[in-house]
Each structure stands twice: as C-alpha cells, then as structure tokens.
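The values are calculated or read from the model by the stated rules, or taken from the named source; none is laboratory data. A quick note: this is a predicted structure, and the numbers were derived from the prediction, not measured. Note that each Cβ is placed from the backbone with ideal geometry, even for glycine, and that neighbours are counted across all protein chains shown.
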Amino acid sequence: MIGTQGGAVRTTLPLFILLAGFCLSACERPVVRRTPEAMAAHRRQLTPPEHDGALEGAALSAMPARAKGVGHVTAVDRMARTITIDHDPAPGSDWPAMRLTLPVASPRLLEGVAAGTLVEFHIERRAGVAEIAVLKPLSVARPGRPPVQSSPPP
C-alpha cells in the first residue's frame with residue numbers, strides 16, 4: 001500500500017509542476033516599448049551634467065580658491081594635460097555632482113591614473129584658472145570591471 005501511494009505522489013508532483021508552469025506562462029506581461037526620444041531622455045537623467053573647466057564670470061568668482069572632492073576618472077588626456085572626473089557634490093562648495101574636465105597643475109599627477117580609478121582631487125584657482133593641484137588615487141582601475149572602492153581619507 002505504501003509503495004502504491006508513493007508512486008502516485010511521484011507521478012502527480014511532476015504533473016502539478018508542469019500544469020502550474022503552463023498556467024503561469026499564460027499570464028500577460030506588460031510590454032514596454034521605448035521610443036528613441038524616451039530612451040534619450042532616460043540617458044540624460046542618468047548622466048551627470050558636464051563642465052569643461054572653463055569657469056567664467058560669476059561661476060569663477062563664486063568658486064572658492066580651493067575645493068576638494070572624490071570621484072571616478074572617466075578620461076585622461078595626457079597630451080592636453082587634462083582629466084575628466086565624475087564626482088559627487090564637493091564639500092565646502094556649492095558644486096553639485098557633475099562630470100568635470102580640468103587641466104592638471106603637473107603632468108606627473110596623471111601617472112598611475114586611468115579611467116575607472118577612484119580619486120581624491122583638490123582644485124585650486126590660480127590667476128583666474130581652475131586646475132587640479134592634487135590627485136590621489138584611492139583605487140586601482142581594472143579594465144572591464146568597476147573600480148575597487150575604498151573610503152576617502154578624513
């Protein structure tokens with residue numbers, strides 16, 4: 001008797017699973033159709049505002065003589081001696097999170113820095129020009145993988 005009941009359970013369970021799968025597959029899933037315009041608007045929301053380093057007028061006068069922040073390097077141009085950093089709002093300034101491209105005070109600052117590196121940076125305004133004066137890598141860039149995060153120094 002026990003063997004018969006066990007056989008019934010062994011046969012019924014797979015049939016039940018198959019039936020449940022069939023029933024669930026009949027459920028409608030909402031289809032999301034995204035137009036190119038909607039996708040472009042979504043990308044704009046995810047991309048931080050850009051700044052090309054050419055601070056002028058009110059923006060330059062509002063900038064403190066020194067500011068620092070932490071961000072991820074997105075590009076390094078050794079020939080132009082510039083670096084592009086996506087950074088969070090900079091403490092001690094009114095700067096929102098943005099993508100910032102600025103010249104570096106010395107080409108040596110770019111040594112050991114690549115796209116994907118988490119860095120602490122210090123910006124100084126000299127003779128009306130904002131530039132990166134200090135650049136400290138806080139992680140090592142790993143091609144094809146997100147950088148290893150570490151806490152910025154206090």
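Quick one: in segment 129-154, of everything that is in contact with a Gly (Cβ under 9 Å, 6 or more places away or on another chain) and modelled with pLDDT of 85 or more, which residue is surrounded by the most Cβ atoms within 10 Å (Cβ to Cβ)?
Across segment 129-154, the extreme among qualifying residues is Ala130.
Output the residues belonging to segment 80-120 that are in contact with a Pro (Cβ under 7 Å, 6 or more places away or on another chain), farther than 16 Å from Leu138 by Cβ and either at pLDDT 85 or above or not small (Gly, Ala, Ser) (or both). Lay out the reasoning, then the answer.
Of all residues in segment 80-120, those in contact with a Pro (Cβ under 7 Å, 6 or more places away or on another chain) come to 81-82, 86, 89, 92-93, 95-99, 112-113, 116-120.
Now restrict to residues that are farther than 16 Å from Leu138 by Cβ: 81-82, 89, 92-93, 95-99.
Passing the criteria: Arg81, Thr82, Pro89, Trp95, Pro96, Met98, Arg99.
Looking at segment 83-101, is at least one residue over 15 Å from the mean Cα position of the chain (by Cα) and within 11 Å of Gly71 (Cα to Cα)?
Checked segment 83-101: at least one residue is over 15 Å from the mean Cα position of the chain (by Cα) and within 11 Å of Gly71 (Cα to Cα).
If you take the residues of segment 53-79 that are modelled with pLDDT under 50 and outside any loop (DSSP other than H, G, I, E, B), which of them is farthest from Pro89 (Cα to Cα)?
Gly57
Condition first: touching a residue at least 24 places away in the same chain (Cβ under 8 Å), exposed (fewer than 14 other Cβ atoms within 10 Å of the Cβ) and either of a type in the set (Lys, Arg) or touching a strand residue (DSSP E or B) at 6+ places or on another chain (Cβ under 9 Å) (or both). Now tell me which residues in segment 98-128 satisfy that.
Listed by number, the list holds a single entry, Gly112.
When you look at Arg44, is it outside any loop (DSSP other than H, G, I, E, B), among the charged types (D, E, K, R) and either surrounded by 13 or more Cβ atoms within 10 Å (Cβ to Cβ) or at pLDDT below 65 (or both), yes or no?
Yes.
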